[in-house]
Structures are given as C-alpha cells and as structure tokens.
Amino acid sequence: MAAKKPIHYFVCSEGSDSLGLDIATDDNTIVEYFDSENDVDLAKFAEIVKSKPNCVQKHFIIYKRDEYRAVETDNVENTYVFSSMLRYRILPKLVAGTETIDTLIDGDKNLENRLAKPERQPEFKLRDANGEIIPDGIKFALQILRGREEDEDEDEEDEEDTEGLSKEELFLL
C-alpha cells in the first residue's frame, strides 16, 4: 500500500496554539506558518504547493482561529470553509480525491434544501416577566430567576432523590 501524500497547511501563527500538537502526524501534513491574516496570499500559497510534488497538489488548507479553508490549487477562488469538528470527515476525502471542493459545496447546498424550514406559529406570543407581549424584532434573553424559598425546598428534594445513583443514572435523568 502506497503512503498517502501529505496535505499542505498554511497556519496563521496568531492562532497556531489551538491547532493541536498531533496534527502533523495525525493527518500526514506539511505545515508552514504565516504571521497574520494580512499575509494571506492564495496565489503565492498555491505556487508553494505546486513546487512540492510529493504533497497533495489539488488542494491546500489555510487554518486560522479554529476555521479551516480548503483552497483549490489551480483555482484559488474556489474555496470551502469548515470547522474543526468536520476536519476528520473532510480532509481524508480531499486527500484521497474522493471529494472535491465543488462536491463539498454542492453537498452543503443539498443539505440546506432538504432541511425543513421552521414555520412561524401565528398564535405564539412571547411575553416578558410582567406578562406584556414582546413585539417582533426585539432582541431578548431568557433569565431564570431563583431564590424563592419554595424553589430552594424543591432543589433540596431533587438532591435527595438522586442520592446513591451512579453518574450514568444521573445523566439519564
């Protein structure tokens, strides 16, 4: 079995601490750092990747502040942004050549189209603590106020009900 070619990362040194120490070995990568977001030059990065024939030639990755951007080497305008949560799903497909940036973008569009759009419930009226209706377009935050004696008594009863239960059983409650 032939070894997989490494994918090339360009990492903003301002956010490199959160990249993870194991990325170079975990993903078979080449990592180069740039100083700040102002130093991003996609054409230059593409030329650097093309000059290294032993790495993945179709794509490279720009990483800054927990955001990954896959960039097509031959068309640097074609990019796909993804989070660190999706790294292990997307990178192997790009490296193996089973996905392209275009197919990833198309997949996202298809998913958005399939997701149900929430319908507004016309009878629902948001009310404030005084019972007044909050008009549409107003920003709000929910606060749960505690401190009444009745609430404290209920909390104590809840604690007594969970004594002797394992962590797994508490999690399921």
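All of the numbers you see were taken from the coordinates with simple rules; none came from a lab. In this text, all values refer to a predicted model and were calculated from it rather than measured experimentally. Cβ sites come from the backbone with ideal geometry, for glycine too, and all protein chains shown count toward neighbours.
Distance cut-off 32 Å, Cα to Cα: go down the list Lys109/Lys139; Lys44/Lys139; Lys58/Lys109 and report the pairs above it.
Working: Lys109/Lys139 29 Å; Lys44/Lys139 44 Å; Lys58/Lys109 22 Å.
Pairs exceeding 32 Å: Lys44/Lys139.
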Q: Place the peptides 53-63, 75-85 in order of packing, highest mean first, counting for every residue the other Cβ atoms within 10 Å and averaging per peptide.
A: 53-63, 75-85
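Full extension from Asn130 to Ser36: what is 0.36 nm times the residue separation minus their Cα-Cα distance, to one decimal in nm?
Working: separation 94, 0.36 × 94 = 33.84 nm, distance 4.96 nm.
Extending this stretch completely gives an extra 28.9 nm.
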Q) Could the peptides 137-146, 102-111 be put in order, highest first, of the mean number of other beta-carbon atoms found within 10 Å of their residues? A) 102-111, 137-146
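In the stretch 78-139, which GluC sites (Glu not before Pro) fall in coil by DSSP and have 10 or fewer other Cβ atoms within 10 Å? Before the final figure, lay out the partial values.
On the way: sites: Glu99, Glu112, Glu119, Glu123, Glu132; in loops: Glu99, Glu119, Glu123, Glu132.
Sparse-neighbourhood loop GluC sites (Glu not before Pro): Glu119, Glu123, Glu132.
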